[in-house]
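Below is one structure; the comments refer to it alone.
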Amino acid sequence: MAQALTLGASLLILGYLLIDELLFRARPTLRRRGLTQLPRWRRLDWKSYIPIPIALFFAWRFWTMPPIISIYVLIVGGVTSLYMANKAGLSERVLVDKQVAELTRAFHSIYQLKPSVFSALEESGKKIDDPLRFYVMRCVQGFFVTGQPTRAFDELRSRVNNPYLDQFVYVLDRAETSRREEILKTLSRLITRLEQVEELRSDTEVNLAVISGQTLFIQAFSILLIAAIALVPPLRNAYTNSVGAQLLFVGLATIGVLTSWVIDRKTAELKERVL
């Protein structure tokens, strides 16, 4: 018992020193990335934070000395939540792509009848949802306040990092020096390109549906298995009564976590290629 307590205390001290050193070295980068990521993280839904309370529950159920399993599940829960937050960024980009297509189509229709860039942009912005609607209306308000179209478009590009929106804004920024017919033709070509991307994305999601289902099954099975071990005293005691048993649990759980992560990451990479 004394040896186990000594080992557990040593692991905690070493872990604390390691984490403190890593945070010290990464603090400038974390600060910069935190400031740029904070607005997006505020828009995340509750699904991105589910792993944290689950990890807290499992850590409580597996708590023993040394708390190897408890520390492990807390780390996995935190890392999983970060990973899900990054995946939410991909989903948001897909959403913005769709909204850019809707905005472009609406602007194309309105601009034919109302050949005023910002009046047409204001009308078309009302036909889409947030988050893009908010930034488009801010762009319009910025123009009406400053009377500088280029500045308003630059602010819109800086707020929404999307290549298709950049192309759309590029066309609008040159509307004053180009004929309306040329603007409409260019917008039509952009609409066609966006529709092709959307069709390709839909086909990719259909083809990856089986793989996504397998990944979901592995994740659900792993959580249920860990829950069974945590809730059934004989199973829990078998994996927590010694350091070796806890390390065995960590090893087996890591295999499942890595398998799920690799499959899910490969699927996400295939989707990202379509964007």
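The values are calculated or read from the model by the stated rules, or taken from the named source; none is laboratory data. Given the structure is predicted, the values throughout are model-derived calculations rather than measurements. Here the Cβ positions follow ideal geometry from the backbone for every residue, glycine too, while neighbour counts run over all protein chains shown. When the accessible area is computed, the model is the full protein with side chains, heavy atoms only, and any ligands, DNA or RNA have been set aside. Shrake-Rupley method; radii C 1.70, N 1.55, O 1.52, S 1.80 Å.
Structure notes:
- Those residues of region 215-258 which are of a type in the set (Ser, Thr, Tyr) and either open to solvent by 60 Å² or more (accessible area, probe 1.4 Å) or more than 18 Å from residue 79 (Cβ to Cβ) (or both), in sequence order: 239, 240, 242
- Meets criteria (open to solvent by 90 Å² or more (accessible area, probe 1.4 Å), assigned to a helix (DSSP H, G or I) and either at pLDDT below 90 or closer than 27 Å to residue 267 by Cα (or both)) for residue 189: no
- Condition check for residue 59: touching a Ser or Thr at 6+ places or on another chain (Cβ under 7 Å), surrounded by fewer than 19 Cβ atoms within 10 Å (Cβ to Cβ) and part of a helix (DSSP H, G or I): no
- Tally, over region 151-173, of residues that are of a type outside the set (D, E, K, R), open to solvent by less than 70 Å² (accessible area, probe 1.4 Å) and assigned to a helix (DSSP H, G or I): 11
- Residue tally, condition small (Gly, Ala, Ser) and loosely packed, with under 14 Cβ neighbours inside 10 Å, over region 110-144: 2
- Within region 195-220, considering residues that are polar (S, T, N, Q) and closer than 18 Å to residue 99 by Cα, the one modelled with the lowest pLDDT: 202
- Residues within region 174-186 that are open to solvent by less than 50 Å² (accessible area, probe 1.4 Å), touching a residue at least 40 places away in the same chain (Cβ under 8 Å) and either outside any helix (DSSP H, G or I) or of a type outside the set (A, V, I, L, M) (or both), tallied: 1
- Some residue of region 198-207 being surrounded by 14 or more Cβ atoms within 10 Å (Cβ to Cβ) and within 22 Å of residue 58 (Cα to Cα): no
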